[in-house]
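First up is the structure itself, then whatever we jot down about it.
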Amino acid sequence: MSKARIATIWLDGCSGCHMSFLDMDERLIELADKIELVYSPLVDAKEYPENVDVCLCEGAVSNEDDLKKILKVRARTKILVSLGDCAVNSNVPSMRNPFGVEAVCHRAYIENAQLNQQIPKQVIPPLLKNARPIHECVKVDVFVPGCPPSADGIYYVVTELLAGRMPDTASKTRFGA
Amino acid sequence: MNPSAQKTLSVKTLQINGKDVSAREDQTILDVARENGVFIPTLCNLDGLTPVGACRLCLVEVKGSRRLLPACITQVQDNMEVSTNTETLVKYRKMILELLFAERNHVCSVCVSNGHCELQAMAQKLGVDHIRYPYLYPKLAVDASHDRFAVDHNRCILCQRCVRVCDEIEGAHTWDVQGRGTASLVITDLNQPWGTSESCTSCGKCVQVCPTGTLFEKGRASGEMTKREFLPYLTLMREERV
Amino acid sequence: MTPEELHKIAETELEAKQQTQHTLCVCMAAGCVSTHSDKVKESLAQQIEKHGLKETCKVKGVGCMGLCMAGPLVAVEQTGALYQMVAPQDAEEIVKNLGKQPVKRLVCDTTQPFFTRQKKIVLENSGVVDSERIEEYIAAKGYEGLLEALTSMNQAEVVEQVSKSGLRGRGGAGFPTGLKWGTVAKARGERKFVICNGDEGDPGAFMDRSVLESDPHRVLEGMAIGGYAVGASQGYIYVRAEYPLAVKRLKDAIKQAERLGLLGHNIFGTTFSFNIEVRLGAGAFVCGEETALIASVEGKRGQPRPRPPFPAERGLWDCPTLINNVETFANIPPIIRNGGEWFAGIGTEKGKGTKVFALAGAVKNTGLIEVPMGISLREIIFEIGGGIPDGKKFKAVQTGGPSGGCIPEQFLDMQVDYDSLAKVGSIMGSGGMIVMDETSCMVDVAKFFMEFCMTESCGKCVPCRVGTKQMHELLSKITDGTATDENLAMLEELCDVVKNTSLCGLGMTAPNPVVSTLRYFRDEYMAHIHDHRCPAGVCKIGKEQLATV
């Protein structure tokens, strides 16, 4: 049996969900026999490949770059998993939303900057009006809330998907868990 | 108990989810369901406070009624046939929860009530794993002017438990609601900072009954923000003293 | 006050009337006052004085004459001549022509269907009596219903007459009035109350305002009869503060009635006492909902509570309370005077009597009309209303305000009564009727009403508070041209949950404008969503927005 092609991506999040993924510890070795990690912040691939079976997506969609990425991921992935609260409900990244982009950038780049006070116009991708959950931008197949979801929860989701079943995440995790 | 205070109450029999149950005539569907181990979700309801039927999670189907009825407030009747868990009800309850989550800024991960929140637990219990409605992201304030407590409107679901406990149990009526629609806000006295309220006795009952992280004690970590269940005891004591 | 004294007042008044050769009736209801009928009245009085006609001619302010679009209206009582769009400078000509041919250029044709097709019960005195003088009301058989009820009927007989009449609540829901009265009469309680709901809040509706401004005593009399029938001695009339003229006339009317002993202790020498107080609404639409209104009268925040218990059982201060709408109470005096059977002879099988409508929107004759139940929408709009102006095409008629729906052309020949309107997805409502032509976008109309419900939701229950907000967002997306089919599916799903889970009538009916426009004008929604185009050209779907689709 060929290995399942798995990817993970990291949008606007703290990487805690990826840490939790790594917390699967020795179970990662067991998984390694069944999966091929084709794209991830944890591996070297530069371009998101075609024909990905499952992508675990961490983080909210906060800037134009995130939006481009998630559109590409959706187009090339069979099962898209919103991993963690930022992906599921935009969580902490959304706390800027009530204030508006301008006020947020001013606070970050002018008020609280000691050197070189300026709001970046190039290189740094511009923020979207709101940090949004992934499912507001593209179709999401599985939701795994939690901040972060536990390693057990992630293991459960991945193994269920590998077994061809849709995981019942409510039994394993919740918002803010 | 004073025997003269005892009133004769007749007994009713009804069906909940096809099971025959009996009840006193002054009981609500919710009372009877709980006695019989039938789960009906609630958020605004709290034993010891007047039910208001605001959250709509406890709606049940009653045969012969065109409308769904709030279990917390509907009194039992003979031969009632109640269904508490139909497909429609399950769907509506999830939608109502989704509407609540989308309304304000419920960021569980940084909330002081994370792990002790009735809204959070209800979402898990009813299988709400994401919110399909667009978030409204209102800009809401935190009032930390009180010495011991604070109110974070970002977490408020307007269940009015604080309003009721303050009025009915403490007798201070410091809390009330201002505004309409999604602009509704719980306020202290005449919408002034909590710390300047003259009617507040700082008893903290409102904090104890708040189902979410809206009202909290200052200086407590989320692990410490557990709530005490004191109302049933209090009301029982008061009843017996009559 | 004795019965003889009442009759004496009527006689004196009628005698005085006969001595007057010409009476000029100037509409002093809010519609005409807004076009300065008060100045017209002043100017007419001056001209009468100037021409030395003071002995034989009189000017009086009257209530609404109906054809608001042609205001200020002035009628000559003796000849029935009606002048429209009268300016103060027209006064001299009108006065000079009294007793001669009416001034041609000002004449309003009273033989047009707008006047001839109406049937007036509630509005029988509107535009006829001086609403600021109780004597005129008494001369028009006023307080005779109360007299009859108190002196020759027992409580059960009054309820029976109301039941026989088949009158149903005119506030919108159409609950049988007699049944309600009977329930309150039977309810046990040391004290009972009567409340008149005058918190008319539907956009485009002004029936109750006109009744209160034009004939306030009729409502007071209806309430007093209600008080007698159910055993209440205190009444409250809840009027929105946005109706200052109605409030003033009501307060004056209460004073006049008290002065004559028609309200107060031992009315007509019987043991029945009844007082009425005015309570002002502070501008919340939801206070038109009876439990919210009761909370407001109690001095609490105007929020509804679940029913049952119904107010008939537990209402104001937990006492049994009879609560009816202004128009319902206004129907009571003639029912008692003429008997329930007389009333039941008017209208249809299930809708008895008449209904007052506020006709507005894309129709030639806008104004206040009263028609028998069972008349067709086509008759109302195209005969009484005179059809659609500027040769435009009829598209829909909206009844029932934010709780109602839009009715398309195919149902124009349908009879107007509670059940048939409900069948096509609208409601009778309190009587707002807004006609729309081809230049109206139905999605935009739905959005307008949703915005109204969203801002007027009291915020107590979740589905109404947040559901209306989400629906409004989705409707805005559709009118922006940025919505998808999924958005439409979500909108329909929200309509369902808000309708079925909201606490009070406001939420339960809030989706109606969306549901009915989706039912009859789905193609317009589709044009916005799929073709990014507003067929009526109302919604601005700009290139900018399309770029983000």
Of the residues in the stretch A:56-84 that are part of a helix (DSSP H, G or I) and of a type outside the set (A, V, I, L, M, F, W, C), the one that is farthest from the other protein chains (Cβ to nearest Cβ) is A:R76
Selection over the stretch A:138-177 where residues are of a type in the set (F, W, Y) and more than 13 Å from chain B (Cβ to nearest Cβ) yields a count of 2
Against the definition (open to solvent by 20 Å² or more (accessible area, probe 1.4 Å) and without any contact (Cβ under 8 Å) to a residue 24 or more places away in the chain), how does C:T271 come out, yes or no? yes
Any idea how many residues of the stretch C:427-439 are among the small types (G, A, S) and either surrounded by fewer than 24 Cβ atoms within 10 Å (Cβ to Cβ) or not in a loop (DSSP other than H, G, I, E, B) (or both)? 1
State all residues of the stretch B:112-127 that are out of contact with any Leu (no Cβ under 8 Å at 6 or more places or on another chain) and at the interface with another protein chain (Cβ under 7 Å from one of its Cβ atoms); if no residue qualifies, say none. B:N114, B:Q120, B:Q124, B:G127
For the list (1) in contact with a strand residue (DSSP E or B) (Cβ under 8 Å, 6 or more places away or on another chain); (2) more than 30 Å from C:V286 (Cβ to Cβ), I need the number of the one condition that B:V177 fails. (2)
Evaluate the following for C:R519: is it under 30 Å from the mean Cα position of the chain (by Cα), open to solvent by 40 Å² or more (accessible area, probe 1.4 Å) and at negative phi? yes
Within the stretch C:227-259, the residues that are of a type in the set (A, V, I, L, M, F, W, C), under 30 Å from C:C32 (Cβ atoms) and buried (at least 17 other Cβ atoms within 10 Å of the Cβ) are C:I237, C:V239, C:A246, C:V247, C:L250, C:A253, C:I254, C:A257
Residues that are open to solvent by less than 30 Å² (accessible area, probe 1.4 Å), touching a Lys or Arg at 6+ places or on another chain (Cβ under 7 Å) and facing chain A (nearest Cβ under 9 Å), drawn from the stretch B:128-156: B:V128, B:N154
With under 25 Å from the mean Cα position of the chain (by Cα), polar (S, T, N, Q) and not assigned by TED's automatic domain parsing to the domain that holds C:E93 as the only criterion, which of C:Q112, C:Q155, C:Q161 stands out? C:Q161
Just checking, does the stretch C:437-444 include any residue being within 14 Å of chain B (Cβ to nearest Cβ) and over 20 Å from the mean Cα position of the chain (by Cα)? no
Is it true that A:K121 is of a type in the set (D, E, K, R), open to solvent by 10 Å² or more (accessible area, probe 1.4 Å) and within 12 Å of chain B (Cβ to nearest Cβ)? no
Residue hits (the stretch C:490-507; facing another protein chain (nearest Cβ under 9 Å), open to solvent by 10 Å² or more (accessible area, probe 1.4 Å), touching a residue at least 12 places away in the same chain (Cβ under 8 Å) and under 28 Å from the mean Cα position of the chain (by Cα)) are C:L503
On the basis of being within 22 Å of C:G63 (Cα to Cα), small (G, A, S) and open to solvent by less than 10 Å² (accessible area, probe 1.4 Å), does C:A140 make the cut? no
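The rows are residues; the columns are (1) over 25 Å from C:V219 (Cα atoms); (2) touching an Asp or Glu at 6+ places or on another chain (Cβ under 6 Å).
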{"residue": "C:L73", "(1), (2)": "no, no"}
{"residue": "C:E77", "(1), (2)": "no, no"}
{"residue": "C:G80", "(1), (2)": "yes, no"}
{"residue": "C:V103", "(1), (2)": "yes, yes"}
{"residue": "C:V129", "(1), (2)": "no, yes"}
{"residue": "C:L146", "(1), (2)": "no, yes"}
Could you go through the stretch C:306-317 and let me know if any residue there is in the same structural domain as C:H217 (by TED's automatic domain parsing) and outside any loop (DSSP other than H, G, I, E, B). yes
Could you tell me which of the residues C:A330, C:A284, C:A292 is within 14 Å of chain B (Cβ to nearest Cβ), small (G, A, S) and either buried (at least 24 other Cβ atoms within 10 Å of the Cβ) or touching a Pro at 6+ places or on another chain (Cβ under 7 Å) (or both)? C:A292
Report, by residue number, each residue of the stretch B:159-184 that is farther than 11 Å from B:L46 by Cβ and more than 9 Å from chain C (Cβ to nearest Cβ). B:V163, B:C166, B:D167, B:E170, B:G171, B:A172, B:H173, B:T174, B:W175
Please enumerate the residues belonging to the stretch B:170-181 that are β-branched (V, I, T) and out of contact with any Ser or Thr (no Cβ under 8 Å at 6 or more places or on another chain). none
Cross-chain or 6+ apart pairs with Cβ under 6 Å, the stretch A:85-105 first and more than 9 Å from chain B (Cβ to nearest Cβ) and in contact (Cβ under 8 Å) with a residue 12 or more places away in the chain, then among the polar types (S, T, N, Q) and open to solvent by less than 40 Å² (accessible area, probe 1.4 Å): A:P93/A:S62
Answer from B:G204, B:G171, B:G219 - the residue that is open to solvent by 20 Å² or more (accessible area, probe 1.4 Å) and over 23 Å from C:P304 (Cα atoms): B:G219
Residue satisfying condition, being at pLDDT 95 or above and more than 25 Å from the chain's Cα centre (by Cα), within set B:T88, B:T13: B:T13
Any chance C:K423 is farther than 22 Å from C:F115 by Cα, free of Cβ contacts under 8 Å to residues at least 40 places away in the same chain and surrounded by fewer than 23 Cβ atoms within 10 Å (Cβ to Cβ): yes
Residues in the stretch C:469-489: is at least one open to solvent by less than 30 Å² (accessible area, probe 1.4 Å), within 13 Å of chain B (Cβ to nearest Cβ), at pLDDT 95 or above and touching a strand residue (DSSP E or B) at 6+ places or on another chain (Cβ under 9 Å)? no
Going by what's in this entry, would B:Q77 be described as open to solvent by less than 30 Å² (accessible area, probe 1.4 Å), outside any strand (DSSP E or B) and either within 12 Å of another protein chain (Cβ to nearest Cβ) or farther than 28 Å from B:C166 by Cβ (or both)? no
Filter pass, C:V103 being of a type in the set (A, V, I, L, M), outside the structural domain of C:P334 (by TED's automatic domain parsing) and modelled with pLDDT of 95 or more: no
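So that you can scan it fast, the table gives a plain yes or no per residue for (1) open to solvent by less than 10 Å² (accessible area, probe 1.4 Å); (2) in contact with a helix residue (DSSP H, G or I) (Cβ under 8 Å, 6 or more places away or on another chain); (3) assigned to a helix (DSSP H, G or I):
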position	(1), (2), (3)
C:R337	no, yes, yes
C:L359	yes, yes, no
C:K364	no, yes, no
C:G374	no, no, no
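The values are calculated or read from the model by the stated rules, or taken from the named source; none is laboratory data. Computed from a predicted model, the values in this text were never measured in an experiment. Cβ atoms come from the backbone with ideal geometry, glycine included; neighbour counts cover every protein chain shown. Remember, those area values only see protein heavy atoms, side chains included, never the ligands or the DNA or RNA. Shrake-Rupley method; radii C 1.70, N 1.55, O 1.52, S 1.80 Å.
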